[in-house]
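> Structure provided below as structure tokens; questions to follow.
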Amino acid sequence: MTVAMLKLKKTDLTPRIGTEIRSDIETLLSGKYAADLRETLEQRGVLVFRGLDLTEDQQTAFAKTMGKLMLQGNKEVLSISLDKSVNGALADYLIGSFYWHIDMAMEDVPSRACFLVARKLSDTGGDTLFANTYAAWDDLPESEKKTLEKLRVVHTFENSQRVFKPIPTYAELKAWQEFKRPKVHPLVWTHQSGRKSLVLGTTASHVEGMSLEEGRLLLCKLQDWATQPQFVYGHKWNVGDLLVWDNTGTMHRAEPYPIDSGRLMTRATLEGEERVA
Ligand code: OGA
Ligand code: MN
């Protein structure tokens, strides 16, 4: 008698976010489960594949089964490291990843998803945390939702840079401001699916039509709300783990780790498919 082999097994890691997928490389690269995995990703925010040990080519091949691969500075795979000898000027910028953010939040169409593989780890810190911004929206009291839904938030590159350089020089501030113009996004993203999520993170500076104080206080409150333990999954990495996150329905951050720790991740990114609206 032959027993049908189960080629893909899913286990939810917390009630509101994160699902572990057990499968094999051949099955994943075949694309047979791509639609299923895309749906699970959208519902669960993060997919965890432990010890899959994909090569960079397999990492991009798998990403391509689930969407359109985005080039990152001409490369299909970007090295994520705080070491300047690996990443040059990007290394400084990546310190911003220690704080809750949405990748490409300054764009009309942020990236769809990221595929991150751990290559070398730090002895201390370096877990990656994800917060489900759909769940955070869903659980807000209905009375608050009505007012929040009308609000628009100004996102600035400057705001995201101040987290690691609170007092910039004039030249630095000018460079930040010239690099990206402020971007106004609705506080609440109504996706084409009809589901709604909060758009927050380090780029969120203030609220249109509110005093600076009042707007910042509100954003701070919502950020605290959205990153409560029930909405968060934190991943303790082993080398070879792959994490896929839905960049349109989660925020993420890395637990701080030493710059000279040698931590190295490789990242493949899928192009965005939907405007924040
Ligand atoms: C990223 C990112 C977090 C990490 O690659 O966009 O934020 O843990 N990475 O390296
Ligand atoms: Mn990031």
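The values are calculated or read from the model by the stated rules, or taken from the named source; none is laboratory data. Everything numeric here is computed off the predicted structure, so don't read it as measured data. Neighbour counts run over all protein chains shown; Cβ positions are idealised from the backbone, glycine included. For the accessible areas, the whole protein counts, side chains as well, though only heavy atoms, and no ligand, DNA or RNA atoms are used. Shrake-Rupley method; radii C 1.70, N 1.55, O 1.52, S 1.80 Å.
> Per residue, how much accessible area does the chain have with a 1.4 Å probe, in Å²?
The answer is 49 Å² per residue.
> May I ask you to compute the full-extension gain from LEU13 to GLN43, defined as 0.36 nm times their residue separation minus their alpha-carbon distance, rounded to one decimal in nm?
Once the chain is fully extended between LEU13 and GLN43, it gains 9.5 nm.
> From the helices alone, meaning DSSP H stretches of at least four residues, give me the mean residue ellipticity at 222 nm for the chain, per-run term -39500 (n - 2.57), in deg cm²/dmol to the nearest 500.
-7500 deg cm²/dmol
> For ASP139 and THR65 in the same chain, what is the full-extension length gain: residue separation times 0.36 nm, less their Cα-Cα distance, in nm?
Taking ASP139 through THR65 to full extension adds about 23.4 nm, to one decimal.
> If R₀ is 25 angstrom, what is the calculated FRET efficiency for the pair ASP92 and GLU255, using the beta carbon separation as r and rounding to 0.05?
It comes to 0.85.
> So, with +1 on the Cβ of K and R and -1 on the Cβ of D and E, and no other charges, what is the size of the charge dipole of the chain about its Cα centre, to the nearest 20 debye? Kindly include the intermediate steps, with their values, before the conclusion.
On the way: 35 positive and 37 negative charges, 37 e Å.
That gives the chain a dipole magnitude of about 180 debye.
> Work through the residues other than GLY18 whose Cβ is under 10 Å from its Cβ and net out their charges, Lys, Arg +1 and Asp, Glu -1. Write out the running numbers ahead of the final one.
Values: positive: ARG16, ARG44; negative: ASP12, GLU20.
After counting each charged neighbour, the total is 0.
> Still on this structure: Output needed: percent of Cα pairs per 10 Å distance bin for the chain, bins running from 0 to the one holding the longest distance.
All Cα pairs, binned at 10 Å, distribute as 6, 29, 36, 22, 6, 1, 0, 0 percent.
> Which one of THR55, GLY272, LEU82 is farthest out on the positive end of the charge dipole of the chain, using unit charges on Cβ (Lys, Arg +1; Asp, Glu -1) and the Cα centre as origin?
Ranked along the dipole, the leading option is GLY272.
> For ILE167 and SER30, what does the FRET efficiency come to when R0 = 51 Å and r is the distance between their Cβ atoms, rounded to the nearest 0.05?
0.45
> Note down the magnitude of the dipole of the stretch 61-202 about its Cα centre, charges +1 on Lys and Arg C-beta and -1 on Asp and Glu C-beta and zero elsewhere, to the nearest 20 debye. Don't skip to the end; give the middle numbers.
Values: 19 positive and 16 negative charges, 79 e Å.
About 380 debye.
> Using a 1.4 angstrom probe on heavy atoms only, work out the carbon and sulfur share of the accessible area of the chain in %.
54 percent
> A further question on this structure: Count the DSSP beta bridges whose two residues both fall in the chain, then state the antiparallel fraction as a percent rounded to the nearest 5.
If I count the DSSP bridges inside the chain, around 95 percent turn out antiparallel.
> Right, something else. Evaluate the relative contact order of the chain (contact order divided by residue number), counting alpha-carbon pairs under 8 angstrom at least 6 apart; express in whole percent.
36 percent
> Report ³J(HN,Hα) in whole Hz for each residue of the stretch 72-88, in order, from the Karplus equation J = 6.51 cos²θ - 1.76 cosθ + 1.60 where θ = phi - 60°; Gly and Pro get x.
3J(HN,Hα) across the stretch 72-88, in whole Hz: 10, x, 6, 10, 7, 10, 9, 7, 9, 8, 8, 7, 4, 6, 8, 10, x.
> A further question on this structure: By per-residue mean of other Cβ atoms within 10 Å, what is the highest-first order of 41-52, 113-124, 217-228?
My ranking of the peptides, most packed first, is 41-52, 113-124, 217-228.
> With +1 assigned to the C-beta of every Lys and Arg and -1 to the C-beta of every Asp and Glu, and no other charges, what is the dipole magnitude of the stretch 124-240 about the Cα centre in debye, to the nearest 20? Working shown, then result.
Numbers: 15 positive and 13 negative charges, 64 e Å.
That gives a dipole near 300 debye.
> Rounded, prolate or oblate: which one fits the stretch 96-245, using the alpha carbon gyration tensor with axes a ≥ b ≥ c (rounded when a/c is under 1.5, else prolate when a/b beats b/c, else oblate)?
oblate
> Could you sort out which of LYS68/LYS236; LYS9/LYS32; LYS10/LYS146; LYS183/LYS221; LYS145/LYS183 sit more than 24 Å apart by Cα distance in this structure?
LYS68/LYS236; LYS10/LYS146
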